[in-house]
Amino acid sequence: MFEVVVAIALFLVLLLLSIPVSFALLLSTLAGIALVGTAPLQIVAQQSFAPASNFLFLAIPFFILTADLLASGKLGQTVIGLATKVIGRFRGGVGHASVATSVVFSGVSGSAVADASGLGSVLIPWSKKVGYPAPFSAAVNASSSVIGVILPPSIPMILFAATSGVSVAAIFLSGLIPGLLLATAYFIVCWGVAVQQGFPRIKMKFTKKNLLKDVFLALPAILMPIIMIRVVLLGGIATVTEVAVLSAVYALLIRLMYRDISVKGIIHSMINTAAATGVVMLLIMMSEALSWFLTVQQAPQKLAENVLSNVASPILILLMINLLLLVVGAFLDMSPAILLLTPVLMPIATAIGLDPIQLGLIMILNLGIGLFTPPVGTTLYISTSIGKIPIEQTVKALVPFYAVSVLTLLAVTFVPALTSLGR
């Protein structure tokens, strides 16, 4: 186990030195294998390239392309405008509109970072313009973006399914109730904070005809997750990878129908997709190498045996898993965390009778909270940057969102029925 401890310690040190996660994973794996001395270092290359041939991962670039195509056009603006007209007039309505838009686009992107940057660039300046404080606007955007990885389709869910062996369709379906529960909790927070601080109501005049027109224009985004997930995927018509391709084609056709895209725009979306996919795939490849090393050294099994021999209560074990994930999520991005920790936590979950799909939702929700938690919260930094405010102001405004997120997490952890749709 000495080699494992050295590899993990080196990985943490490299992260603290701001070395990119992919390179930190590679260097720590090489160090561990070198200490063992019984395997050639070339094995790292072999193990790293193994996941690149996984057909399931082909879904990732197409979901990213779908998000870029839809969110950057008139459809994104239409959805935001519709949410504002319908619920913007209520107390905290601007926050409600932000959460509602995240719910709609969660069925498009599958990425919290994509939602935080794409939607935040529109919602945060607009909410500041109508009189809402920038810290609150940034806090809503940073937290509500996480809904995008809990409601299907979800890139982290695809990663968990590939690592754990569970059905992608099953975990997609199991994310519906937790995702909607979290969105409801954020709606309540927005209303409560607005009442407490006296935020203004946004009164927008609109006719029934204009409202129906906006609903009609927004229908492609609203119906997309229903068509692709409920009908095509769960109906057995196509696999998740084929659904991702169909989603990208769907998005392109919608943009062409709106006459809202040019050849230059398509090329720009493809370039963005290639860059984002490169980052994700490099993380997957380097994580696979370290995961292989840990598995060969039997680290997950030994950790499971150690935990189970010292902690008898399944409730305490679940609390320990949540605490571990919350801490890891504050320092490590979702993709490498899922790829590294799934093999470690699966034996423990099996030993205490925890369903793998429920474990997946617990992991994704925990690590999602980490996305807006300092010191390495991605959606936190994106939202703060768009709002042009100090990060401590956003963190202070996030306190009630942290509270309801943890309550939702505890509900998902101890109420298996909440994740039972896919089982």
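The values are calculated or read from the model by the stated rules, or taken from the named source; none is laboratory data. Since the structure is predicted, the reported quantities are computational estimates derived from the model, not experimental observations. Glycine gets a Cβ as well: all are built from the backbone with ideal geometry, and neighbour counts include every protein chain shown. These area figures cover heavy atoms from the full protein model, side chains too; ligands, DNA and RNA do not enter into them. Shrake-Rupley method; radii C 1.70, N 1.55, O 1.52, S 1.80 Å.
Suppose a student asked you for the relative contact order of the chain, using Cα pairs under 8 Å spaced at least 6 residues apart; what percent would you report? All intermediate terms of the calculation are to be shown ahead of the outcome.
Values: 639 pairs, mean separation 109.0, N = 423.
Relative contact order, the chain: 26 percent.
Keeping every protein chain present and rolling a 1.4 Å probe, give me the accessible area per residue for the chain in Å². Before the final figure, lay out the partial values.
On the way: 17810 Å² over 423 residues.
With the other protein chains kept in place, the chain gives 42 Å² per residue.
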Fully extended contour minus Cα-Cα distance, from VAL279 to LEU17, at 0.36 nm per residue: 92.4 nm
Identified option (computed mean projected area of the Cα convex hull in nm²; candidates (i) 20.7; (ii) 31.3; (iii) 19.3): (i)
Global geometry of region 1-77, whether rounded, prolate or oblate, following the gyration tensor of its Cα atoms and the 1.5 cut on a/c: oblate
Per-residue SASA entry for VAL406, accessible area with 1.4 Å probe, Å² rounded to 10: 50
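Share of the chain's accessible area from carbon and sulfur, percent, 1.4 Å?
71
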Theoretical FRET efficiency, 1/(1+(r/R0)^6), r = Cβ-Cβ of LEU407 and GLN42, R0 56 Å, to 0.05: 0.70
Projected label distance in nm at LYS74 and ALA238, using a 7 Å step from Cα toward the beta-carbon: 2.5
Using a Förster distance of 22 Å, the FRET efficiency for ALA351-LEU35 (Cβ separation, nearest 0.05): 0.15
Separation in nanometres of the label points that stand 7 Å from Cα toward Cβ, at PHE414 and VAL195: 2.6
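Can you list which of the DSSP-assigned H helices in the chain have a Cα extent of 27 Å or more along the long axis and an average Kyte-Doolittle score of at least 0.0?
Long hydrophobic helices here: 176-197, 263-296, 391-414.
Could you tell me the calculated FRET efficiency between ASN210 and ILE315, based on Cβ-Cβ distance and R0 = 45 angstrom, to the nearest 0.05? Working shown, then result.
Details: r = 53 Å, r/R0 = 1.18.
The computed FRET efficiency comes out at 0.25.
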Value of [θ]222 nm, deg cm²/dmol, for the chain, DSSP H segments ≥ 4, -39500 (n - 2.57) each, nearest 500: -24500 deg cm²/dmol
